[in-house]
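Laboratory data are not the source of any read-out in this text; all were calculated from the coordinates shown. Keep in mind the model is a prediction, meaning the values are calculated, not measured. Because the Cβ atoms are built from the backbone with ideal geometry, glycine has one as well, and the counts that use them run over all protein chains shown.
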Amino acid sequence: MTMTVSVSSLRIARDLRAAESALDEALLKSNILFGTLLAARQQTEEAGPFTGHDLLQRLIKSQQTLLTAGSDLARVHGGLSSIGREMGAAVHDCPENEPMGSDSNEGYRAAA
């Protein structure tokens, strides 16, 4: 089954926004977990000052991996925008240094 350029561009934009949002959500949840772990260590008498230190380091490493994934996804976003312009698809005019963010179709335009 074939798909029109406009349908495929809308689907790609929807899924790209979902992927960007999921990365942000994972990073946020990871940061919340980090704070919870530190608070538990401080507020639990049985825990020493270095309890779980190795796990905190691993959690920080996972956060760095999420940030790297976000950078790669931003490059994918830019590449997809370029392809959309070449194909005459609707292309989102992303504000400088900001993610797509919105679920609305505001800011979309037909590529010239």
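Output wanted: per-residue J couplings in Hz (rounded whole) for segment 54-59, from phi through Karplus 6.51 cos²θ - 1.76 cosθ + 1.60, θ = phi - 60°, x for Gly and Pro.
Per-residue couplings from phi come out as 4, 6, 4, 5, 5, 5 Hz.
Which FRET efficiency, nearest 0.05, do Leu38 and Val76 yield, Cβ-Cβ r, R0 22 Å?
Numbers: r = 34 Å, r/R0 = 1.52.
Result of the calculation: an efficiency of 0.05.
Which whole-Hz ³J(HN,Hα) couplings does segment 64-76 yield from phi under the Karplus relation 6.51 cos²θ - 1.76 cosθ + 1.60, θ = phi - 60°, glycine and proline marked x?
Karplus-based 3J(HN,Hα) across segment 64-76 equals 4, 5, 4, 5, 5, 4, x, 5, 5, 5, 5, 5, 4 Hz.
What is segment 1-97's relative contact order, in percent, from Cα pairs under 8 angstrom and six or more apart in sequence?
It comes to 41 percent, rounded to a whole number.
Short version: ³J(HN,Hα) in whole Hz for each residue of segment 18-32, in order, from phi by Karplus 6.51 cos²θ - 1.76 cosθ + 1.60 (θ = phi - 60°), x for Gly and Pro, what are they?
3J(HN,Hα) across segment 18-32, in whole Hz: 5, 5, 4, 5, 5, 5, 4, 5, 4, 5, 4, 5, 5, 5, 5.
Would you please give the residues with an amide H less than 5 Å from that of Ala89, counting only those at least 5 places away or on a separate chain, with H modeled from the backbone geometry?
For Ala89, the qualifying residues are Ala111.
Non-local amide H neighbours of Ala47 (under 5 Å, H modeled in plane, Pro and chain starts lacking H): which ones?
Sorted by chain and number, the residues that satisfy this come to none at all.
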